[in-house]
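What follows is a single structure, written as C-alpha cells, with notes after it.
The values are calculated or read from the model by the stated rules, or taken from the named source; none is laboratory data. Note that the structure is a prediction, hence the values are computed from the model and not measured. Here the Cβ positions follow ideal geometry from the backbone for every residue, glycine too, while neighbour counts run over all protein chains shown.
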Amino acid sequence: MHWALPHNLPASGIRDILNRAIRQPGTIRLETGEPNFPPPAHVLEAYVAASKTGHNRYTATEGIEPLRQAIAAKSLRVNGVERSANQVLVTPGGIPGLFLAFMGTAGAGDEILVPDPGWPDYLGGMASLGIRPVFYPLAAPDYIPDLDVLTAHLSPRTRAVIVNSPGNPTGRVFPAETVQHIVEWARSHDLWIISDEVYDQIVFEGAPASPALWAPECTLSVYSFSKTYAMTGWRLGYLCGPVDAMESLTRVAMGTWSSVAEPLQYAGLAALQGPQDMVDEMRAAYERRRDLARDTLSGWGLETSRPNGAFYLLARIPEGLTSRQFALELLQEAGVAVAPGSAFGQEAEGWVRISLASSEGDLKEGLTRLGQFSAVRH
Ligand SMILES: Cc1ncc(COP(=O)(O)O)c(C=O)c1O
C-alpha cells in the first residue's frame, strides 16, 4: 500500500535530549520551554465550573463567541492591534495555528523564509505540506533580521516569511521600526508574514510590535495561552488574520480538530478577563532568572546572549565539541539537560540554549554544573 507522507519528516533536536533526560532520573531539566508554574487557580476553577454547568459540547469551530471577543479585546489591550471577533480562530495551541498559517499561504513546492536560529518545530508541519523552508540567518549578538539578507533568500516560489519576536531561542524582541521595515519589505515582495507571537507577554525591556499594526491584510499572527498563563499541556491558542483567510482556515480546522474543548475555552476566557498579576509575577521571575543565569555563566567565563524577552538564554560552549556532543556529554556526565544550538539551525552551532522556565533552584544548580563541566573541557 502507498503511504503518502515521507518517513523522514524532521525530528526535533530538543526532543532528542528531552527523551534521553526523562530516562535518566535526577536530571536537571533546562532543555524545554515549560513554565514551572501551575496555571492560575481561577482559570482552573473556571474550567471545572464550565464543565459542571454543562459546557461539555462541540462548539463552533472558530471558538465560542465570548472568547473570540475577549481575544479581540486582549489584542487591543496588549498588542495594540484593533481586531474584531471574526478575525480570530481559536486553536488547540499555537502549533496548529502555525500549521494552518503554513497551509494557507504556501503549497507543495513553495518556500517559506524561516529564521536561523529558529524554533525547529516549524519544520515538521512545513515538510508534511511539501513546503520548503529557506533559512535566513539572524546574526549574533542581536539576532535582528537584515533586509538585504532576507532579499538574498527570495525566489519566485517564496510565499511567506516567519517573524518570531520575542524569539525562541534568541529571546530577542525586535524594535518596532525593525518590524515596520520587515512589513514594508514583505509587502513590496507580495509575501505573507507569519508572525509567531506566542511570547508576546514575556518581555523584559522594550515592547514587541505585531506586524499586524502596519499590515493587517497580509499578517497571520499566532498566539498561545501556553507560556503567558503556564498552560502548555492544556493546548489553547488562537490565530488572527484577515476575515477571508480566517474563514478559509476555519474550514480546515472543521475537518481536523472540529472544535477546541468547550470547558477549556471558558478557562481561556477566565484567563483573559481575570486578574493578570500572575502574568506579571512570572515575567518578573523569568527576568530575575535571566540575570542570575547571565551572572553565573559570565562568572565561569562563558559568553551569553542578551535576551530581552521570552525565557531562553544562549550560552557559548568551549571549542572542540559540537553543541550536540556537548549537550550529550553534559547530560551523561553532569546530569544537566540543555538544548544544543544545532537544534535551531546552523547559526547557533557552538551555543546551547538554557530554558529560564525551570525553577530557580534547578537553574542555579544546573548552571553551576554546566560551568564546571565547561571549565574542565576548556
Ligand atoms: C517560538 C514558538 N512558537 C510556538 C510555540 C507553540 O506553543 P504551543 O503550541 O504550546 O502554543 C512554541 C512552544 O515552545 C514556541 O517556542
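Only a single criterion out of (1) over 14 Å from Pro40 (Cα atoms); (2) more than 16 Å from the ligand (Cβ to nearest atom); (3) of a type in the set (Gly, Ala, Ser) is not satisfied by Gly274, namely (1).
What about Gly345, is it crowded, with 21+ Cβ neighbours inside 10 Å and at positive phi?
Details: crowded, with 21+ Cβ neighbours inside 10 Å: yes; at positive phi: yes.
The answer is yes for Gly345.
From Pro6, Pro40, Pro35, grab the single residue that is under 29 Å from Gly345 (Cα atoms) and either more than 16 Å from the ligand (Cβ to nearest atom) or surrounded by fewer than 16 Cβ atoms within 10 Å (Cβ to Cβ) (or both).
Details: Pro40 fails: under 29 Å from Gly345 (Cα atoms); Pro35 fails: either more than 16 Å from the ligand (Cβ to nearest atom) or surrounded by fewer than 16 Cβ atoms within 10 Å (Cβ to Cβ) (or both).
Of Pro6, Pro40, Pro35, the one residue that is under 29 Å from Gly345 (Cα atoms) and either more than 16 Å from the ligand (Cβ to nearest atom) or surrounded by fewer than 16 Cβ atoms within 10 Å (Cβ to Cβ) (or both) is Pro6.
Do we find that Gly206 is of a type in the set (Gly, Ala, Ser), surrounded by fewer than 18 Cβ atoms within 10 Å (Cβ to Cβ) and modelled with pLDDT under 95 in this structure? Spell out the reasoning first.
On the way: of a type in the set (Gly, Ala, Ser): yes; surrounded by fewer than 18 Cβ atoms within 10 Å (Cβ to Cβ): yes; modelled with pLDDT under 95: yes.
Answer is yes for this residue.
Close Cβ contacts (under 9 Å, 6 or more residues apart or on different chains) running from residues in region 48-67 that are exposed (fewer than 12 other Cβ atoms within 10 Å of the Cβ) to residues that are assigned to a loop (DSSP other than H, G, I, E, B) comprise Asn56/Ala261; Arg57/Ser259; Tyr58/Ser258; Tyr58/Ser259.
Would you mind stating whether Glu349 is closer than 21 Å to Gly167 by Cα, free of Cβ contacts under 8 Å to residues at least 40 places away in the same chain and outside any strand (DSSP E or B)? Outline the logic, then answer.
Working: closer than 21 Å to Gly167 by Cα: yes; free of Cβ contacts under 8 Å to residues at least 40 places away in the same chain: yes; outside any strand (DSSP E or B): yes.
In short, yes.
Can you say whether Asp116 is more than 28 Å from Leu269 (Cα to Cα), surrounded by fewer than 22 Cβ atoms within 10 Å (Cβ to Cβ), among the charged types (D, E, K, R) and within 16 Å of the ligand (Cβ to nearest atom), as far as the supplied structure shows?
Details: more than 28 Å from Leu269 (Cα to Cα): yes; surrounded by fewer than 22 Cβ atoms within 10 Å (Cβ to Cβ): yes; among the charged types (D, E, K, R): yes; within 16 Å of the ligand (Cβ to nearest atom): yes.
Judged against the criteria, Asp116 is a match.
For region 209-254, a tally of residues being of a type in the set (S, T, N, Q) and within 11 Å of the ligand (Cβ to nearest atom) returns 4.
Looking across region 187-201 at every residue that is within 16 Å of the ligand (Cβ to nearest atom) and not in a loop (DSSP other than H, G, I, E, B), the one that is farthest from the chain's Cα centre (by Cα) is identified as Ile193.
Counting only strands (runs of 3 or more DSSP E) that fall entirely inside region 215-322 and contain at least 1 residues that are assigned by TED's automatic domain parsing to the domain that holds Pro141 and either closer than 23 Å to Pro96 by Cα or in contact (Cβ under 8 Å) with a residue 12 or more places away in the chain (or both), the qualifying elements are 219-224, 237-240. Note on region 144-185: residues that are hydroxyl-bearing (Ser, Thr, Tyr) and free of Cβ contacts under 8 Å to residues at least 40 places away in the same chain amount to 2.
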